[in-house]
Amino acid sequence: MKRYSAFAIAREASRYHTGWERAWRAPEPKKKYDVVIIGAGGHGLATAFHLGRNHGIRNVAIIEKGWLGGGNTGRNTTIIRSNYLQDPSAAIYEKSRSLYETLSQDINYNVMFSPRGVMMLAQTQHEIRGYLRTAHANALQGVKTEFIGPRRVKELCPIMNIDGPRYPVLGALWQARGGTARHDAVAWGYARACSDMGMDILQQTEVTAIRREGGKVACVTTTRGEIDCDKLGIVVAGHSGVLAEMAGFRLPIESVALQALVSEPIKPCMDVVVMANTVHGYMSQSDKGEMVIGGGTDGYNNYTQRGSFQHIEEPVRALVETFPIISRLKMLRQWGGIVDVTGDRSPILSKTPLENCFINCGWGTGGFKAIPGSGWGMAELMANGHSPLTEAFGLDRFREGRFIDESVAAGVAH
Amino acid sequence: MLILQCPCCGVEAEETEFAGGGQAHLTRETVGASEENFEAYLFMRENPKGVHFERWRHANGCGKWFHAARCTVTLEVFGTYSAQTTRPPNEICDKITARRPGWSLKDWGSGKFA
Ligand SMILES: Cc1cc2nc3c(=O)[nH]c(=O)nc-3n(C[C@H](O)[C@H](O)[C@H](O)COP(=O)(O)OP(=O)(O)OC[C@H]3O[C@@H](n4cnc5c(N)ncnc54)[C@H](O)[C@@H]3O)c2cc1C
Ligand SMILES: [Zn+2]
C-alpha cells in the first residue's frame with residue numbers, strides 16, 4: 001500500500017490524480033479463516049486491526065451485510081469523551097480517547113480528530129451534584145475533567161444563552177481533551193489498514209446462520225457460501241439479538257432507534273461540543289459549518305433506522321432556547337440508527353456460551369468514542385481469552401449483579 | 001409515528017399519547033426462583049427483528065396498561081389487547097399469520113409458547 005502524505009498529494013497532483021490506489025481490496029471469500037468478525041462497523045474493524053497489529057493474527061475476514069461503516073458508525077454525531085463515572089468505563093473510554101489522539105498517524109489515515117473540548121451542561125441542581133460527583137471520580141481515575149461555572153461556560157461558548165428562563169445554565173462538566181472525529185474516516189482508515197495486513201473485508205455479504213460442532217463454533221453461513229473459522233467475533237450493534245439467536249444464546253439488550261440531524265452550513269460560531277442532558281439535546285459544528293444535533297432514543301423496539309418525529313422536535317425546541325441564534329436555521333438532513341441498549345447502559349465485551357464465539361455489543365447510544373479502545377480490548381480477549389480492559393464487561397455481570405451503572409453518565413444519547 | 005388503539009378506553013391516538021413499557025408476557029419470578037430464571041426475568045429480553053409483543057400504557061389518556069402486537073421491521077401494528085392475559089389471544093395471532101404467512105407463536109419468547 002502506498003502511504004498517504006503531503007508528498008503523495010503533490011505527486012498525484014502533478015499527474016492528474018491517476019495514481020491513487022483503491023483503499024482496500026474486494027476479495028473473494030476464502031474457505032477458512034483463523035478469525036471471522038461479523039460486522040464491519042468501527043468496533044469490528046478496530047478489533048480486526050488490533051488482532052493483526054497487537055497479536056499477529058492476520059488470517060482474518062470481516063463480514064459485512066451492507067457497506068463498511070454504513071451502520072451506526074456512519075450515523076453518529078461523533079462525540080468523543082471519557083468522563084464516565086465507574087472505574088471500568090473510565091479505563092476503556094480513556095484508553096480509547098488516548099488512542100484517538102494518535103490514530104491518524106497509527107493508521108496513516110486522517111480521521112480529523114479534533115480535541116476541541118466537550119461541555120456537559122448542568123441545568124438543574126440535581127445535575128450539578130451529579131457532575132461534581134463525576135468530576136471527583138474522574139480525578140481519582142486519572143481522567144482530566146473539571147466542573148466549571150456559568151461564566152466560564154459563556155466564555156467558552158459565547159452563542160449560548162445561560163440565563164434560561166426555563167433551563168438556566170448553572171455550570172458544566174468540561175473535558176478539554178474530548179472532541180470529535182470524522183466518523184466515516186475512522187471506518188475507512190481501519191479498513192485500509194486491515195486490508196493492507198492481508199485481511200479480507202467481505203462487503204455485501206450477510207451472515208445467515210452460525211454452525212457449531214461439539215459445542216464450539218465451526219462455521220458461518222453467508223449469502224456468499226459457508227466460511228469456516230476457529231474463532232468468531234460478533235460485532236453488529238443493533239443486530240446483536242439476531243446474531244445471538246443464531247449462536248443460540250440470549251442477550252440483555254433491546255434495539256431502538258436514535259436520530260440525529262444537521263443544519264445548513266453557517267460560518268464558524270461554536271468551537272466546542274455542547275451536551276444538554278436535561279433537555280436531551282446536544283450540538284456541535286462540523287468542519288463544513290453544519291450544526292450537528294442529536295436527541296434521545298425512541299421508547300420501543302425498532303429495526304427500521306427511522307425514528308419518531310417528536311424525538312427530533314423535542315431537542316430542537318430545547319436547544320433553540322439555549323442557542324437563540326439557531327432559531328432561523330434550516331435543517332438539511334435527518335437520519336436514524338439502530339442502537340443496542342443494555343440495562344446498565346454499559347457495553348458487553350465477552351465470551352459467550354458458545355465456545356470460541358465472542359461478542360462485542362451494547363454500546364448503544366455512545367460507542368463511537370470507544371472504537372479504538374474497544375478494538376484493543378476485544379482483540380486481546382479473542383487472542384488470549386482475557387483482557388484487563390474488558391474483564392468487567394462480561395455477559396455474566398447481570399446474573400451476578402455486578403452492574404456498571406452508567407445510566408447517569410450516559411443518560412442522554414451517548 | 002405509531003398509531004395505537006387503547007383497548008381499555010377505545011381511543012385511537014398517536015404514540016405521543018402512550019408510553020412504551022417493554023416486552024410483554026414476562027414471567028414474574030420471585031423468592032425461590034433459580035438464578036437463571038431470575039436473570040431472565042430482570043434482564044434478558046426478546047429483541048426480535050419482526051413480530052413482537054409489548055406492553056404500553058395510555059399515559060396521557062385513561063392511564064391503563066395494555067398489550068400490543070407489532071412488527072419491528074415495518075412498524076405495522078397488528079392489534080392491541082388486554083394486559084390481563086398471560087398469552088397473546090388467538091384472534092391477534094390469526095391476524096399476524098394472515099399478514100406474515102408461516103409465522104407462529106412458537107417463534108416468539110424463546111419458545112415460551114411452544
Ligand atoms: C444518531 C446516533 C448518534 C450517535 N452519537 C454518538 C456520539 O456522539 N458519540 C458516540 O460515542 N457514539 C454515538 N453513537 C453511537 C455509536 O454510533 C455506536 O455505538 C457505534 O458506532 C457502534 O459501532 P459498531 O461498530 O458496534 O456498530 P455498527 O457501526 O452499527 O456496525 C455493525 C455492522 O454490522 C453489520 N451487520 C449486522 N448484521 C449483520 C449480518 N447478519 N451479517 C453481516 N453484517 C451484519 C451492519 O450492517 C453494520 O455495518 C450514536 C449513534 C447514533 C445512531
Ligand atoms: Zn385508554
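The values are calculated or read from the model by the stated rules, or taken from the named source; none is laboratory data. Because the structure is predicted, anything quoted here is derived from the model rather than measured. Ideal geometry is used to build each Cβ from the backbone, glycine not excepted, and the neighbour counts take in all protein chains shown. To get the accessible areas, we keep the full protein, side chains included, count just its heavy atoms, and leave off ligands, DNA and RNA. Shrake-Rupley method; radii C 1.70, N 1.55, O 1.52, S 1.80 Å.
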| query | Once the Cβ-Cβ distance between A:E101 and B:S34 is put in as r, and R0 is 51 Å, what FRET efficiency do you end up with, to the nearest 0.05? | reply | 0.60
| request: Report the extension gain between A:D396 and A:D196 in nm, rounded to one decimal, defined as 0.36 nm multiplied by the number of residues separating them, less their alpha carbon distance. | output: 68.4 nm
| said: With angles folded into 0 to 90 degrees, how steeply does helix A:87-101 sit against the dominant principal axis of chain A? Use alpha carbons for both and round to 10. | reply: 90 degrees
| note | Rounded to the nearest Å, the spacing of the alpha-carbon centers of region A:328-379 and region A:139-164 is 28 Å
| field | Cα lying deepest toward the dipole's positive end in chain A, options A:P29, A:Y16, A:Q305, charges on Cβ | value | A:Y16
| request: Could you tell me which trypsin sites (Lys or Arg not before Pro) in region A:189-298 are loop residues by DSSP with no more than 16 other beta carbons within 10 angstrom of their beta carbon? | output: A:R224, A:K288
| remark: With all protein chains present and a 1.4 Å probe, the order of A:W376, B:W108 from largest accessible area down is A:W376, B:W108
| note | Counting lysine pairs in region A:220-363 that sit 8 or more positions apart or on different chains, with Cα atoms under 28 Å apart, gives 4
| task | Give the longest segment of chain B that steers clear of trypsin sites (Lys or Arg not before Pro) in DSSP loops with at most 15 neighbouring Cβ atoms within 10 Å, not counting the sites themselves. | result | B:65-111
| task | Quote the relative contact order of region A:255-326 in percent (integer), defining contacts as alpha-carbon pairs under 8 Å separated by 6+ residues. | result | 37 percent
| task | Would you mind getting me the FRET efficiency between A:I266 and B:T27? Use the beta-carbon distance for r and R0 = 60 Å, nearest 0.05. | result | 0.65
| query | Anyone know which of A:A26, A:A176, A:A122 comes out most mobile in the 10 Å Cα GNM of chain A? | reply | A:A26
| task | Would you mind checking the tilt of helix A:183-196 against the longest principal axis of the Cα atoms of chain A, expressed as 0 to 90 degrees and rounded to 10? | result | 20 degrees
| said: Out of the total accessible area of chain A (probe 1.4 Å, heavy atoms of protein only), what percent is carbon and sulfur? | reply: 52 percent
| request: Skip the ligands, DNA and RNA, and give the accessible area per residue of region A:310-414 with a 1.4 Å probe, whole Å². | output: 38 Å²
| Could you give the nm distance between label points at B:A59 and B:F113, where each point is 7 Å from its Cα heading toward the beta carbon? | 2.6 nm
| Accessible area per residue, Å², region B:3-111 with all protein chains present, probe 1.4 Å | 52 Å²
| message | Using the Kirkwood formula on the Cα atoms of the protein assembly as shown, what hydrodynamic radius do you get, in angstrom to one decimal? | response | 24.3 Å
| query | What percent does the relative contact order of chain A come to when contacts are Cα pairs within less than 8 Å and at least six residues apart? | reply | 23 percent
| field | Residues along region A:279-307 losing 20 Å² or more of accessible surface when the other protein chains are present rather than the chain by itself (probe 1.4 Å) | value | A:G299, A:Y300, A:N301, A:Y303, A:T304, A:R306
| request: Provide the buried accessible surface between chains B and A in square angstrom, both chains summed, 1.4 Å probe, rounded to the nearest 100. | output: 2200 Å²
| Between helix A:371-384 and chain A: long-axis angle, C-alpha atoms, 0 to 90°, nearest 10 | 30 degrees
| For A:A122, net neighbour charge (Lys/Arg +1, Asp/Glu -1) across residues whose Cβ lies under 15 Å away | +3
| note | One point scatterer per Cα, no solvent, Debye formula: log10 I(q)/I(0) for region A:20-81 at q = 0.16, 0.24, 0.30 Å⁻¹ comes out as -0.61, -1.13, -1.30
| task | Counting only C-alpha contacts under 8 Å and six or more residues apart, can you give the relative contact order of region B:3-111 as a whole percent? | result | 24 percent
| What distance in nm separates the simple spin-label points at B:E91 and A:H55, each placed 7 Å from Cα in the Cβ direction? | 5.6 nm
| request: May I have the convex hull volume per residue, in Å³, for the Cα set of chain B? | output: 113 Å³
| field | Charge dipole (debye, nearest 20) of region A:107-193; +1 at Cβ of Lys and Arg, -1 at Cβ of Asp and Glu | value | 100 debye
| region B:3-111 - charge dipole about Cα centre, Lys and Arg +1 at Cβ, Asp and Glu -1, debye rounded to 20 | 180 debye
| region B:50-114 pair-distance distribution - Cα-Cα, 5 Å bins, rounded % | 4, 17, 28, 27, 15, 7, 3, 0
| If Lys and Arg each add +1 and Asp and Glu each add -1, what is the summed charge of the other residues whose beta carbon sits under 14 Å from the beta carbon of A:H55? | 0
| 13 Å beta-carbon shell around A:I371, net charge (K/R +1, D/E -1) | +2
| said: Give the separation of the Cα centroids, region A:40-62 to region B:50-101, in Å. | reply: 42 Å
